[in-house]
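Note sheet for the following structure.
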Amino acid sequence: MCLLQDSSRTNSTKDHLNRGSCDTHIQTKDGEIFSQGCVLCVANDIYAQGLSPCHIEALEQYEAKAYAIVGLFHNCRLWGLLAAYQNDGPRTWRPDELSILTQVGSQVGIALGQAELLEHSQQQSKELQSALADLKASQAQLIQREKMASLGSLVAGITHEINNPTNFIAGNLVHIREYSLGLLDLLKLYEKSCVEVPEEIKIKACTMDLEFIAQDLPQALSSMQLGTDRISQIVLSLQSFSRHDESGMKKVDLYEGLENTLMLLQHRLKERNDRPEIQVFKQYRPLPQINCYPAQLNQVFMHLLTNAMDAMELKFQINPRFSPKLRIKAELKSLTDTIVIEVIDNGIGMDEATVNQIFDPFFTTKPVGKGTGLGLSVSYQIITDSHHGKLSCRSVPHQGSTFRLELPINGVIEVKSPSKGGIPGYRRIAAGGSKESIG
């Protein structure tokens, strides 16, 4: 039995023809009687059927002496031919044999329709899955953009409101220090010039502990000055982090963004009742300024650092003797004009399956209510789409994770989108105090 497919449907019969194994009569006639609706063609003896020489020659290549051919129809069009050959001599085909062959041909036609429908359904399913993935990514980006835009406006308003009274206090502290020290000096002169101090003044001075006030007042003023300086520094860090008035690209110092982000996360680095201080080790190499979207990169730094801190805090819950350490490395790869920043923690780590999904929208390993699954996904989009860079992660369970960020100084570097998880093995981070080494 042999299956011949119509040359108008496929090139397979043409390939077959090139090998000298095809019936040119059927091909040149485009199926001839079968294309006109004939279902069955029978020859009990090919030499007594009045066939053309080329037709007989083709049949002899199959060693056929008799045949029964059924047309295979798909969507009311001839798709191919199903042929049964008798090789040892002429044959008188029985009606039941022809009936079976016809039924097989009919079933093949039905199967062809079902196969096409299945293929079409699978293609639609792939397209829907792709559209759904794109929709999720777009939704995540829109949510994060709206969130950061609102946060930027809120931060800008708050910093402005904080900055005004802080500047007022800081400006007046200078005069208060001057006045207070002047009054203390004047008091000392009175003590020297007055031989007889009235008893009432002595009692008052003893009651208020004048000697202690004279020693403590300068220290109190110095503490107040440090406090206002700290507030001013936080306000500047917030303004720099949000960069609400800077939506375009500009050249910036990446270390400024990193340091401002660490400043805002100091409350998470300090020692707490439930865990020790998270130590931060910095390995900063000299870097040129880079053309980028500063506010977006600050978001990436915030997501990577907080992710690292979460991982280390989770490990401390498992191992109370754990000492959390966070390392930040930055250097310039001169051969590719690329800045490489690595955020390394010794936290809980992740397995390969988690690493492969870490940049997917809405994927999170955190408990319900503690993570949206958008931070790393949006970070990946910011680095790869907006800055034409690379963001990858490697991780070892129970040992820690490393996020590697690559940014071109100018222009575009080649981006080979990793299968969701980036370079196999790369992954996550933790947080800490502040020990710095610049090499």
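The values are calculated or read from the model by the stated rules, or taken from the named source; none is laboratory data. For clarity, every value in this text was computed on a predicted model and none was experimentally measured. Glycine gets a Cβ as well: all are built from the backbone with ideal geometry, and neighbour counts include every protein chain shown.
Residues that are exposed (fewer than 14 other Cβ atoms within 10 Å of the Cβ) and closer than 17 Å to residue 45 by Cα within segment 91-115 comprise 92, 94, 95, listed in sequence order. Candidates in segment 272-313 are the residues that are assigned to a loop (DSSP other than H, G, I, E, B) and out of contact with any Gly (no Cβ under 8 Å at 6 or more places or on another chain); of these, the one that is modelled with the lowest pLDDT is 274. Only one entry of 103, 129, 86 meets the criterion of being at pLDDT 85 or above and within 30 Å of residue 381 (Cβ to Cβ), and that entry is 129. If you go through segment 280-307 and keep only what is within 14 Å of residue 262 (Cβ to Cβ) and charged (D, E, K, R), you end up with just 282. Of all residues in segment 314-356, those satisfying the criterion of being in a helix (DSSP H, G or I) and out of contact with any Lys or Arg (no Cβ under 8 Å at 6 or more places or on another chain) are 314, 315, 317, 318, 352, 353.
Residue 247 meets all of the listed conditions (1) at pLDDT below 85; (2) in contact with an Asp or Glu (Cβ under 9 Å, 6 or more places away or on another chain) but one, namely (2). When every residue of segment 204-212 is checked against the conditions, none turns out to be at pLDDT below 80, out of contact with any helix residue (DSSP H, G or I) (no Cβ under 7 Å at 6 or more places or on another chain) and loosely packed, with under 10 Cβ neighbours inside 10 Å. For the residues 268, 230, the requirement of being in the same structural domain as residue 302 (by TED's automatic domain parsing) and charged (D, E, K, R) singles out 268.
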